[in-house]
Every structure is written in structure tokens, then in C-alpha cells.
Amino acid sequence: MNWLSRIREGLGRTRETLVRGLRAALGTGKIDQATLEELTDRLVRADVGLETAEELVELLRKKAWGRDYRDSEELLGWLAECAQEAMGATVPFSLGSGLQVVAIVGVNGAGKTTTIGKLANKYRAQGRKVLVGACDTFRAAAVDQLEEWCRRADVPCIRQKPGADPAAVAYDAVAAAISRGCDLVFLDTAGRLQNRTDLMAELSKIMKVVGKHDARFPQHTWLVLDGNTGQNAVSQAKLFHETARLTGLVLTKLDGTAKGGAILALPKIVPTAPVLFLGMGEKIDDLIPFDSSTFVQALFDKGDS
Ligand SMILES: Nc1nc2c(ncn2[C@@H]2O[C@H](COP(=O)(O)OP(=O)(O)OP(=O)(O)O)[C@@H](O)[C@H]2O)c(=O)[nH]1
Ligand SMILES: [Mg+2]
């Protein structure tokens, strides 16, 4: 299956909320105030968020005010163009050269550990020498889960005893990567709520300690967001960015969520942290590089939904 089909399938429920709703509400008609209000309402219901919904509708107003549309498909086509304009084109992501340290952060259960398993496998398969650090030392089960993913991905995992200082594990993992000549380290951190200042301070310490090896580390800090979170993703992105200067986002569980529309809001929240990957399931290869045009196409797809 190609990426478009996979994203299309994964976003089925989001598309249903959006596209079916629009089809039902708007037959043939004119781009007038009533149509724009109906559109705003439908976009908000698909978790696009009020601000982004208004931005899209404003783009549509500029593009097509007063024009007649044949049917909801034509209207959806125009809306898709506006969504693409608002999101901008995706610059293909590539890791830099030299040892790259990637800290993976997020709230509890977002999919961090699973995503690390998928990423480690992907980059190992591309020929990178990958190592993973088990910095979630709160629960023994967390380390076991990560080790199981590392076994599947065939990459080494650096761990310490449960209860160890997560920053010390991060430091050790990077030290091991340097001495083994690795070129990529993923640090699995414990889930933390973005408004818990004590836990955010701990995250800040992990980042600082890793930087003792080289001030550039970690070059990448990716926030993993559960695609079912809807608009709370915006608050998570803002607060994690304040503590950890995010460089990228990963959206998980887009298979089967009705709230994928939230992605449309993210570029405005943290412009320096583009969406890089989408998690589309629980298997090791259920990870897709993000591309805004494929995403928009899948979301507003005119095919049967
Ligand atoms: N359907 C689906 N499930 C996913 C995806 N990514 C992760 N999960 C599931 O989400 C649950 C939580 O995933 P974890 O990877 O343990 O999440 P985490 O962020 O590491 O959780 P904590 O370490 O407890 O904060 C697991 O049951 C995963 O199988 C995805 O893309 N799609
Ligand atoms: Mg975890």
C-alpha cells in the first residue's frame, strides 16, 4: 500500500467527520456568509480548532467570495487548496551527519516508546548505527518494553536500574554512542504532563546533561503527540517547546482517530518544529514521513469515505 492509501485509511474517521459533515450540510450553493459559517462550524467539529478554522475560511473567502459551487466536491477541492496554502509545503526531513542525538518527549501514553522502536528500525535499516537510551527509569516495565522494541529493531539499548537518575542514563547512553562510533541515539524519556513544573524541570536537566558531551546535543527534540488529543495538542506543543525547544513533532494513533484535523493547527503553534512522522498503527513499520500535500489529499479526499 502506498503512503497516500495508508494515510487515507488511517484518517478515515477524521475524514468522515469533516467530509461527510460538509457533504450533508452543503449541497450546491454560493460562497456567502452562511456557507462560510457552516464551514467554520464543521472544521471546528473535526478538531481543526477555531483559530485555524477561521484562517482557512478567510482564505476561502479571498479565493472564492460570491462564486457558485456545483456541489460539495468542488467546495472541498477549494478548501483543500486553502488547507495546503495554510500548511505550506513540507521540506523533506533528513538527519544531519555526525552523531545525532534525538530526545523523544511527550505526555504519558502518547506513543514515545513505540515510536522509538519504529524510528530505530527505520534508520538501522537505512544503514545508520543506532543506539537507544532508556531514560524512563520510573517503571521497570517501561525499560522492558523499550528493550523489547530494541530487540525487534535490532539495536542496542543502554539501561540502568529502575529509579536511576534519567539524566545520568541519558549521559551514559550518549557516552556509549560516542565510544561505539554510533551515528544516532534516541533517548526514551518518561511521560510527563506539560503543566507539571517538577517533571518539566527534570526534562530540562536531561537536556542540559546531554549537552555536556557536546553543546550541540541533543540536535533534535521531538514531541510525540497522540492524534486523539485534539486541541490539547496545542497546549502540549507550547509548553514542551518552552522547556525543551522542540525541533519536530510526531503524531501517533492516526489510524482510527476522529481528531486528525488538529494537525492543521500545529504549524502555527511551533513553527520551528514541523510534523516529521505519523504513527499509523502498533507495528514496527507503521510510521510514515509526513508530507503536507499527501496529508491534505488524504483528509479532503474526494473518493468515497
Ligand atoms: N493504534 C496505534 N497505537 C499506537 C500507536 N503508537 C503507539 N500506540 C499504542 O499506544 C500505547 C502507548 O504507547 P507507548 O509507546 O507505550 O507510549 P509512551 O508515550 O511511551 O507511554 P509512557 O512511557 O507510559 O508515557 C501502546 O498501547 C501502543 O501500542 C499508533 O501509531 N497507532
Ligand atoms: Mg514509554
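Each value in this text was obtained by applying a stated rule to the coordinates, not by laboratory testing. Note that the structure is a prediction, hence the values are computed from the model and not measured. Here the Cβ is made from the backbone with ideal geometry for all residues, glycine too, and neighbour counts use every protein chain on show.
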Counting alpha carbon pairs within less than 8 Å and at least 6 residues apart, what relative contact order, in whole percent, applies to region 100-289? 26 percent
Given just the C-alpha atoms of the chain, how large is their convex hull per residue in cubic angstrom? 116 Å³
May I ask you to derive the FRET efficiency for Leu95 and Leu50 from their Cβ-Cβ distance with R0 = 30 Å, giving the value to the nearest 0.05? 0.25
Could you compute the net charge surrounding Leu36? Neighbours are other residues with a C-beta less than 9 Å from the C-beta of Leu36; K and R count +1, D and E count -1. -3
Efficiency of FRET from Cβ geometry, Ala125 and Ala164, R₀ 35 Å, rounded to 0.05: 0.70
May I ask which of Lys122/Lys283; Lys112/Lys283; Lys118/Lys161; Lys30/Lys268; Lys122/Lys238 have a Cα-Cα span longer than 18 Å here? Lys118/Lys161; Lys30/Lys268; Lys122/Lys238
Full extension between Glu16 and Arg67 adds, at 0.36 nm per residue less the Cα distance, a length in nm of 15.8 nm
For the Cα atoms of the chain, what angle does the longest principal axis make with the long axis of helix 33-45, in degrees from 0 to 90, nearest 10? 30 degrees
Quotient of C-alpha Rg and 2.2 N^0.38 Å, computed over region 154-305: 1.15
Debye sum, Cα scatterers, region 3-87, no solvent: what log₁₀ I/I(0) at q = 0.11, 0.20 1/Å? -0.27, -0.91
Free-standing Cys, the chain [no other Cys Cβ under 4.7 Å]: Cys82, Cys135, Cys182
With angles folded into 0 to 90 degrees, how steeply does helix 50-64 sit against the dominant principal axis of the chain? Use alpha carbons for both and round to 10. 40 degrees
Quick check: from the Cα gyration tensor, does region 1-160 come out rounded (a/c under 1.5), prolate or oblate? prolate
Among Leu75, Leu276, Leu95, which one moves the most in a GNM of the chain with springs linking Cα atoms closer than 10 Å? Leu95
Could you please state, rounded to a whole Å, how far the C-alpha centre of region 134-161 is from the C-alpha centre of region 81-117? 21 Å
If each residue's Cβ is checked for other Cβ atoms within 10 Å, how do Ser97, Ser5 rank with the fewest at the top? Ser97, Ser5
If R0 is 45 Å, what FRET efficiency do you get for Lys30 and Lys238 from their C-beta distance, rounded to 0.05? 0.75
Spelling it out for Gly29: with amide H atoms placed in the peptide plane at 1.01 Å from N, the residues 5 or more places away or on another chain with amide H under 5 Å from its amide H are Tyr69
Using alpha carbons only, how many degrees (0 to 90, rounded to 10) separate the axis of helix 112-125 from the longest principal axis of the chain? 80 degrees
